[in-house]
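Step one of this worksheet: look at the structure below.
The values are calculated or read from the model by the stated rules, or taken from the named source; none is laboratory data. As the structure is a prediction and not an experimental result, all values here were calculated from the model. All Cβ positions, glycine included, derive from the backbone under ideal geometry; neighbour counts span all protein chains shown.
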């Protein structure tokens, strides 16, 4: 890697962040300012200049997708050495498993589904309604993000004004039951992983020193989302060696429910004394119209930071109020169907909503107009994600290899599942017999839709496991000693399961859209009770809701539409107070300089003709140059013909083509 080439295409602020001499740096990176580019270039630049060692570099992210994108970018930059890059939990789980092996302790199973374990823990409790379980789950999340035990929960919950269902005492009982069940079963959850590493480091100074020696160069993505436990982990790793590079945006701090605090960055000088701060105020993604609209939403959370768009003016941001949620979904679907089909084919359109429940009507409406919805093969909750989790939980190459071979050898399961789906589909497609001698009691029973859906889901799981097993064997051929954690990183880097096609519209919540970007975005449900969400009752919570809307709006690069329903679920709604007084009017245009007017007049004919040619070619379903060549178009602009005969004379068109096209061409010139 050439160090100068790594910074050649950066803007001045980005270059300053990447090349900072200090090893203790915080980059305050606004939406669209090139945060991931700066992070990857910083890693590569320090390694290229010899200022850091790839083997001792660790980058911590908050999502698998972010970790995978980071690895892919580093690979494209030419970095072939291995660096440790992944989510807090995946990296620390790999460390913890190695720690257990080194200290001859049994490996504990990490349970992926906290809700199921909590439901088992409260089996004998009188407080196990759906509402009770959801409240207990929220409190466990809150306590885990802060590293709080059941014994310490009560006083801290009362201090912070927590109001769980059934009161604080009931929540304490749920926490205790949950912790007791984990101990009895010998399992831990993902939040326990970080706490176990911290406990071992506190009790064994040699282990702590080993961690600091192994990971000397620490970089953290989305630093505004750090919760107290993750912050403690950062402090552990940087202790005695302030080699830390933080990247984040306080304006995108949207995980307060998980203990994240934007003050990590807004008060970064206090948190990390002596830190060098670099700000990235230029938005390279969005048009000025989108930036201005997002700034308005953000101002509802307090003074908005200074952010400017680098791009030229684009189309205005629009707001549409529909009668109800069905009409809202139909409006969005028809807007997409009438728009550029290439944006759908390239996956450049997203529909965003505050909650998952809002997205179903959009899926139905899009299907009604023939527009597909894009689904990632390993999306959360998919069969592929489940199969991947099963494989990556395995801790040794022998266990990985055994699982892969067992899965692929079980052809009977695949054949049986395929046969069951075929039989059920065939039965459902048959017309029930009505001939003589066939009473209703002896007619073949038609399988219900639920049975067919279950059979297809079982088949999807088996097929997903077989795809993962094949990929796993490919991985083990490259890395014979690899474990589940390494396989997870390999999947994120090589992306072996996603189809090549990006076809379809993406439907996501505001939270799930963070870190993504599209050409066209519809931000839906921007109305009372949803934005801000009715659960946001404090000023702090409402400020976070404003930041969440800002995140959703700034996912749009070129086109942003905000929609709302006047009635939802039968209840009247109003436009969200976050956008009720937003000014979307275009500023009055000032007359351009006389020199520009003169040049524009000279260039106008060719632009008018190109616009006509593009429209006419689209109507005729041909490419523009097939309709009229570039050289003919230039000749028309230069000679300005007034008749079909003159048009034929100055171009290569024949008389018949000239007579056919002359009315439209002469009209375009006029």
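Observations
- Test: residue in region 635-656 that is modelled with pLDDT of 85 or more, under 25 Å from residue 340 (Cα atoms) and assigned to a helix (DSSP H, G or I): no
- Just one residue in the set 565, 559 is in contact (Cβ under 8 Å) with a residue 12 or more places away in the chain, buried (at least 24 other Cβ atoms within 10 Å of the Cβ) and in contact with a helix residue (DSSP H, G or I) (Cβ under 6 Å, 6 or more places away or on another chain); that residue is 565.
- The number of residues in region 147-184 being closer than 17 Å to residue 107 by Cα and free of Cβ contacts under 8 Å to residues at least 60 places away in the same chain comes to 2.
- Region 8-21, residues that are more than 26 Å from the chain's Cα centre (by Cα), surrounded by 15 or more Cβ atoms within 10 Å (Cβ to Cβ) and assigned to a loop (DSSP other than H, G, I, E, B): 20
- Scanning region 71-90 for residues that are over 21 Å from the mean Cα position of the chain (by Cα), buried (at least 17 other Cβ atoms within 10 Å of the Cβ), without any contact (Cβ under 8 Å) to a residue 60 or more places away in the chain and in a helix (DSSP H, G or I) turns up nothing.
- From 221, 243, residue being touching a residue at least 60 places away in the same chain (Cβ under 8 Å), buried (at least 19 other Cβ atoms within 10 Å of the Cβ) and over 19 Å from residue 514 (Cβ atoms): 243
- Qualifying residue in region 284-297 (condition: farther than 23 Å from residue 545 by Cα, touching a residue at least 12 places away in the same chain (Cβ under 8 Å) and outside any loop (DSSP other than H, G, I, E, B)): no
- The residues of region 201-212 that are assigned to a helix (DSSP H, G or I) and without any contact (Cβ under 8 Å) to a residue 60 or more places away in the chain, listed by number, are 201, 202, 203, 205, 206, 208, 209, 210, 212.
- Residue 31 crowded, with 17+ Cβ neighbours inside 10 Å, touching a helix residue (DSSP H, G or I) at 6+ places or on another chain (Cβ under 8 Å) and under 16 Å from residue 223 (Cβ atoms): yes
- Evaluation of residue 373 against the conditions (1) out of contact with any helix residue (DSSP H, G or I) (no Cβ under 8 Å at 6 or more places or on another chain); (2) under 30 Å from residue 469 (Cβ atoms) shows that the sole unmet condition is (1).
- A Cβ distance below 6 Å, combined with a sequence gap of six or more or placement on separate chains, defines the contacts here; from region 266-279, residues that are closer than 16 Å to residue 234 by Cα and in the same structural domain as residue 251 (by TED's automatic domain parsing) reach residues that are assigned to a strand (DSSP E or B) and at pLDDT 85 or above in the pairs 268/26; 275/24; 275/26.
- Residue match in region 427-437 (condition: modelled with pLDDT of 80 or more and part of a helix (DSSP H, G or I)): no
- Any hit, region 173-187, residues being within 27 Å of residue 153 (Cβ to Cβ) and touching a strand residue (DSSP E or B) at 6+ places or on another chain (Cβ under 6 Å): yes
- So residue 198, is it in the same structural domain as residue 239 (by TED's automatic domain parsing), within 25 Å of residue 232 (Cβ to Cβ) and in a helix (DSSP H, G or I): yes
- Test: residue in region 190-199 that is surrounded by fewer than 18 Cβ atoms within 10 Å (Cβ to Cβ) and without any contact (Cβ under 8 Å) to a residue 40 or more places away in the chain: yes
- For region 554-561, the criterion of being at pLDDT below 90 and in a loop (DSSP other than H, G, I, E, B) is met by none of the residues.
- Any hit, region 494-501, residues being in a helix (DSSP H, G or I) and modelled with pLDDT under 80: yes
- Total residues in region 502-529, condition in contact with a strand residue (DSSP E or B) (Cβ under 8 Å, 6 or more places away or on another chain) and at negative phi: 19
- Total residues in region 246-265, condition over 28 Å from residue 558 (Cβ atoms) and either part of a helix (DSSP H, G or I) or free of Cβ contacts under 8 Å to residues at least 12 places away in the same chain (or both): 6
- Taken together, 418, 385 contain a single residue that is assigned to a helix (DSSP H, G or I) and under 19 Å from the mean Cα position of the chain (by Cα), which is 385.
For every residue, the table says whether it meets (1) in a loop (DSSP other than H, G, I, E, B); (2) at pLDDT 95 or above; (3) buried (at least 21 other Cβ atoms within 10 Å of the Cβ).
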residue: 520; (1), (2), (3): no, yes, yes
residue: 525; (1), (2), (3): yes, yes, yes
residue: 535; (1), (2), (3): yes, no, no
residue: 541; (1), (2), (3): no, no, no
residue: 549; (1), (2), (3): no, yes, yes
